[in-house]
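A.B. asks: I have a structure I would like to understand better, so I am pasting it below and will then ask my questions one at a time.
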Amino acid sequence: MDLPSHARVVIVGGGIAGCSTAYHLAKLGITDVLLLEQGKLTSGTTWHAAGLVGQMRPNRTMTQMSKYGIELYATLEAETGLATGWKQCGSVNVARTPERMKVLRKQLALARSFGVECHEISPTQAGDIWPVMRTDDLQGALWLPGDGKANPADLCMSLAKGARNRGVKMIEGVEVTGVRVEHGRVAGVRTAQGEVRCDVVVNCAGQWARQFGVLAGVNVPLFSAEHFYIVTGRIEGVHTMLPVMRDPDGFIYYKEEVGGLVMGGFEPKAKPWQVDPIPSTFQFELLGEDWDQFEPLMTNALHRTPCLEKAEIKMLLNGPESFTPDGNFILGEAPELRNYFVCAGFNSAGIANSGGAGRLVAEWIAQGEPSTDVWEVDIRRFGACTGNRKALAERTGETLGLHYAMRWPRQELETARPLRTSPLYDILAAKGAEFGNKNGWERANYFRPPGAPRPAHTLGRPGWLDWMIAEQKATREAVALYDQSSFSKLLVQGRDALALLQRLCANEMDVPVGKMVYSPMLNERGGVESDLTVMRQARDRFLVVTGSAQATRDADWITRHIGSDEHVTLTDVSAMYCVLSVMGPKARELLARVCPDDLSPDALKFSWTKEIDLGFARVRAARMSYVGGPGFELYVPVEMSRHVYLALTDAGQDLGLRDAGYYALDALRIEQGRRAWGAELGPDETPWQAGLAFSVKLDKPSSFIGQEALRALRGQPLAKKLVTVVLDSPEVFVWGGESLLLDGAPVGELSSAGFSPLAGACVALAYVRGPAAAAAHDGTPVQLEVWGERAAARLFDRWPPAATRAPA
Ligand SMILES: Cc1cc2nc3c(=O)[nH]c(=O)nc-3n(C[C@H](O)[C@H](O)[C@H](O)COP(=O)(O)OP(=O)(O)OC[C@H]3O[C@@H](n4cnc5c(N)ncnc54)[C@H](O)[C@@H]3O)c2cc1C
């Protein structure tokens, strides 16, 4: 087929991601689509995948996406006439340890809440369903009858046929060597056979997606790892409909193939494929066997399935697959270049997820925004620094293993750290800070007393709890110092800065210079794209302060809304200012010792800022508090932050000043009902549902995005409602993600949770969904599914009660 001179959309890559994207674009009526593949369709990674297809993903939206994929795979053959190899054989997930069984029970509760059929079964029942496994050491298992398997290459070809039937052109043997950019937008692609002009490019280049992205200055942070499975000859008792079986404690999985077993897995320390760049000629190719690397999986498999000892091992397949820094795939429009989309980085789950992912990307292209909250997989969660290849290689060695490794609550990834550090990092480390990582930033989670060992991970009451409570107590009763320098800070300035922010923000932004405003930014559906604190620094200059993980996303949202005739610039100044939060009833007294300026409530009202002297430094003090209660956020130029920190800590010794970390901060903000974007807030939640009506000025003089949707929804019954959940027992520890039951039926999940000294128990935030939202009132008794046990709790619309609420 000749290369056309123009197509509306060019898809680069003919693996399952590219073919699914093409199929779904065509289904949405976008048929002027050209898919270019440097080799043959499926010749990259898709042809050698094992083909396990499961429904469960960590959250509700992603599970819906996965479930849709399965529905598609089950019906595609009837539509296209090409077999997919889809078999709904179900899957069994087994647990060797009591802790793993608890994790499986949490998944069971979530599956029920997400509408996925799932059952707990005994080891004996697991053995009945999967007769060739050893069960005497098992604690139990889950049975998911809706899961299955497919033949990856056939499935991909069937999607390709579905796309072609609707008019998509696919040309093999054409390597795309560059992207033409005009006026900051995609204008075409270059190939050895000539150029094709286009409006949209979709990078579906699999493990080549990073190096292909670089050609257009787009960061697609992924890196390949060598990835293995064995294929056996026929084994007695293994039949076509034998379910998929996963034994995560042994890091292994199984599926039937031609009467034998495919057994592969996710070893804890993986082997990055150190080839850079990956040659375009790597087609239908595999890597060499590495039995040493496979040994831990083989040992565990011989234990679980002794029949392997005598089975014929036909091959040890080693194929490269790309993994991302957080183990989740990468979808969406690149923030660096308009109309450049990515659908890649599938972390060994591309067969299961490409059906849903292709649809999401197609909708994103067709509608200009995703149809639902895709933050977990949104390309904008990655900052530019994540493109470093050494860091990617090391992280890939870790993220592959995360698939089956026991994931403890609050467990942090370990590789490629520390990278982004505040100037106080070494000082805080010397004082016992235990760091966590957000968007590459190191942040103190809590402070470990001298000599105390680092607590082991646990599902129950954590070893650091008492230390965190001491930090919380200092915040509520004396004064605590939080290093919140990782906040994203975006300077928006120019003649039309106010007009732009008025259009993007639901709150009134035309405030006096020096005032701070909390506001949601909404999409057209009225969902929360971000929540910001905006400081007006001058008539035409605003400092937008947002979450540590949101710099790229929010900068993208703001800049894409700057009109061509508007004069506004946005600069990411996150690394220019530290934020030191001085929180607690003695915060003002502490500041008075190092600052001659008047910080009394009359001189600096709540939500106002002013420039002050602090020690020898000049800083901007804001009367703001995320943890609730009195306090000041200090915006300190980076080069003076060490001085300011030392001045404060020297002056505060006899006031009970304590360093405090993010565990205390998070638990205190939950206690005070403060919402966090990414947990309680997202594109699918409106301010009405989230209880943020106070931050919406529906009748402000200028209109804003989402205003019409909010008007239409005002006064309507809520599809879901945010509540505070207070546990009855001080002994039960919850972490977030637990299923919430009202009268025994699942009505939602905890979005975040932490220990509250005020309640003397854990407190959480959660959305109650459906009709239950109307029935949930202050004091409504509910139950939580905590690692398979039921725990009693109560719901509150507003908590804590006014009398005990921390005053500002
Ligand atoms: C051993 C192993 C087992 C697996 N098991 C499973 C499983 O059980 N279940 C599951 O869900 N997933 C599994 N996977 C993962 C799955 O195979 C991948 O996630 C999936 O195939 C990725 O599809 P893709 O379309 O993104 O990439 P690919 O299939 O690699 O397609 C990308 C295509 O882009 C082409 N390309 C790249 N650059 C260019 C360019 N510049 N111009 C033109 N074309 C270009 C390539 O030639 C390639 O064909 C497994 C992977 C491995 C390695």
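Just so it is clear, none of the values below were taken in a lab; they were calculated from the coordinates. Quick caveat, the model's predicted, so the values are computed rather than measured. Cβ coordinates were reconstructed from backbone atoms using ideal geometry, including for glycine residues, and neighbour counts include every protein chain displayed.
A.B. asks: To make sure I understand the rule: partners must be lysines, Cα under 21 Å from the Cα of residue 271, and not fewer than 8 residues away in the same chain. Which ones qualify?
C.D. replies: Partners within reach: 390.
A.B. asks: Do any chymotrypsin sites (Phe, Trp or Tyr not before Pro) in the range 524-604 lie in a DSSP loop with no more than 11 other beta carbon atoms within 10 Å, and if so, which? It would help to have the intermediate numbers written out before the result.
C.D. replies: On the way: sites: 542, 557, 577; in loops: none.
Sites meeting the loop and neighbour criteria: none at all.
A.B. asks: Contour minus end-to-end for residue 593 and residue 415, with contour as 0.36 nm per residue of separation and end-to-end as the Cα-Cα distance?
C.D. replies: 59.9 nm
A.B. asks: Sticking with this structure for a sec: If I take R0 = 22 Å and measure r between the Cβ atoms of residue 77 and residue 284 in this structure, what FRET efficiency does the formula 1/(1 + (r/R0)^6) give, to the nearest 0.05?
C.D. replies: That pair, residue 77 with residue 284, gives E of 0.40.
A.B. asks: Taking the Cα centre as origin and putting +1 on Lys and Arg beta-carbons and -1 on Asp and Glu beta-carbons, what dipole magnitude results for the range 110-191, to the nearest 20 debye? All intermediate terms of the calculation are to be shown ahead of the outcome.
C.D. replies: Details: 10 positive and 10 negative charges, 168 e Å.
Dipole magnitude for the range 110-191 comes out near 800 debye.
A.B. asks: Related question: Measuring from label point to label point, each 7 Å out along Cα→Cβ, what is the residue 606 to residue 120 span in nm?
C.D. replies: Output for this residue pair reads 4.5 nm.
A.B. asks: Taking 10 °C and 1.306 mPa s as the conditions, I'd like the Stokes-Einstein D for the range 372-420 in µm²/s, using the Kirkwood hydrodynamic radius from alpha carbon pairs.
C.D. replies: Translational diffusion coefficient: 126 µm²/s.
A.B. asks: Would you please classify the overall shape of the range 151-293 from the alpha carbon gyration tensor, given that a ≥ b ≥ c denote the square roots of the eigenvalues, rounded means a/c under 1.5, and beyond that prolate means a/b larger than b/c while oblate covers the rest? Don't jump to the answer; show the numbers that get you there.
C.D. replies: Working: a/c = 2.77, a/b = 1.74, b/c = 1.59.
In terms of gyration-tensor shape, prolate.
A.B. asks: Still on this structure, I have one more. Using Cα atoms only, what is the angle between the long axis of helix 465-477 and the major principal axis of the chain, expressed in degrees (0 to 90) to the nearest 10?
C.D. replies: Once rounded, the angle reads 30 degrees.
A.B. asks: Could you work out how far helix 16-27 tilts from the main Cα principal axis of the chain, as a 0 to 90 degree angle to the nearest 10?
C.D. replies: Tilt of helix 16-27: around 80 degrees.
A.B. asks: Ignoring GluC sites (Glu not before Pro) that are buried or in helix or strand per DSSP, and keeping those with at most 15 other beta carbon atoms within 10 Å, what is the longest stretch of the chain between them?
C.D. replies: Counting at most 15 other Cβ atoms within 10 Å as exposed, the longest clean stretch of the chain is 567-730.
A.B. asks: Same structure, new question: Using 1/(1 + (r/R0)^6) with R0 = 35 angstrom and r between the beta carbons of residue 315 and residue 88, what's the FRET efficiency to the nearest 0.05? Don't skip to the answer; put the middle values down first.
C.D. replies: Working: r = 27 Å, r/R0 = 0.77.
Result of the calculation: an efficiency of 0.80.
A.B. asks: A further question follows. Starting from the Cα of residue 539, step 7 Å toward the Cβ, then list every residue of the range 479-520 with an amide N under 13 Å from that point.
C.D. replies: 494-498, 513
A.B. asks: Have a look at 300, 135, 683 and report the one farthest towards the positive end of the charge dipole of the chain, computed about the Cα centre with Cβ charges (Lys/Arg +1, Asp/Glu -1).
C.D. replies: 683
A.B. asks: Give, as ranges by residue number, the residues of the range 211-231 whose backbone N falls under 16 Å from the point 7 Å along Cα→Cβ of residue 275.
C.D. replies: In the range 211-231, the label zone of residue 275 (backbone N under 16 Å from the point 7 Å along Cα→Cβ) covers 211-212, 223-228.
A.B. asks: According to the Cα gyration tensor, what semi-axes, each the square root of 5 times an eigenvalue, does the equivalent ellipsoid of the range 263-302 have, listed from largest to smallest in whole Å?
C.D. replies: Semi-axis lengths for the range 263-302 are 25, 12, 8 Å.
A.B. asks: What do you get for the angle between helix 98-114 and the principal long axis of the chain? Use alpha-carbon atoms, 0 to 90 degrees, nearest ten.
C.D. replies: Relative to the chain, helix 98-114 is tipped by roughly 90 degrees.
A.B. asks: While we're here: Determine the dipole magnitude for the range 477-574: charges of +1 sit on the beta-carbon of Lys and Arg, -1 on that of Asp and Glu, nothing else is charged, the reference point is the Cα centre, and the result goes in debye to the nearest 20. Walk me through the numbers before you get to the answer.
C.D. replies: Values: 10 positive and 14 negative charges, 36 e Å.
Result for the range 477-574 is approximately 180 debye, rounded to the nearest 20.
A.B. asks: Shape call for the range 719-803 from the C-alpha gyration tensor, a ≥ b ≥ c root eigenvalues: rounded (a/c under 1.5), prolate (a/b greater than b/c) or oblate?
C.D. replies: Because a/c hits 1.5 or more and a/b fails to exceed b/c, the range 719-803 counts as oblate.
A.B. asks: Rounded if a/c is under 1.5, else prolate if a/b is larger than b/c, else oblate: which is the range 515-574, with a ≥ b ≥ c the root eigenvalues of its Cα gyration tensor?
C.D. replies: rounded
A.B. asks: About its Cα centre, how strong a charge dipole does the chain have in debye, to the nearest 20, once Lys and Arg get +1 and Asp and Glu get -1 at the Cβ?
C.D. replies: In debye, rounded to 20, the chain gives about 1240.
A.B. asks: List the residues of the range 476-500 whose backbone N lies under 17 Å from a point placed 7 Å from the Cα of residue 452 along the Cα-to-Cβ direction.
C.D. replies: 476, 480-481
A.B. asks: Right, next: Using alpha carbon coordinates only, what is the Rg to Rh ratio of the chain, with Rh defined as the Kirkwood radius?
C.D. replies: Taking Rg over the Kirkwood Rh, I get 0.97.
A.B. asks: Can you tell me how much longer the chain between residue 789 and residue 711 gets when fully stretched, taken as 0.36 nm per residue apart minus their C-alpha distance, in nm with one decimal? Provide the component values of the computation, followed by the final result.
C.D. replies: Working: separation 78, 0.36 × 78 = 28.08 nm, distance 4.20 nm.
Answer, rounded to one decimal: 23.9 nm.
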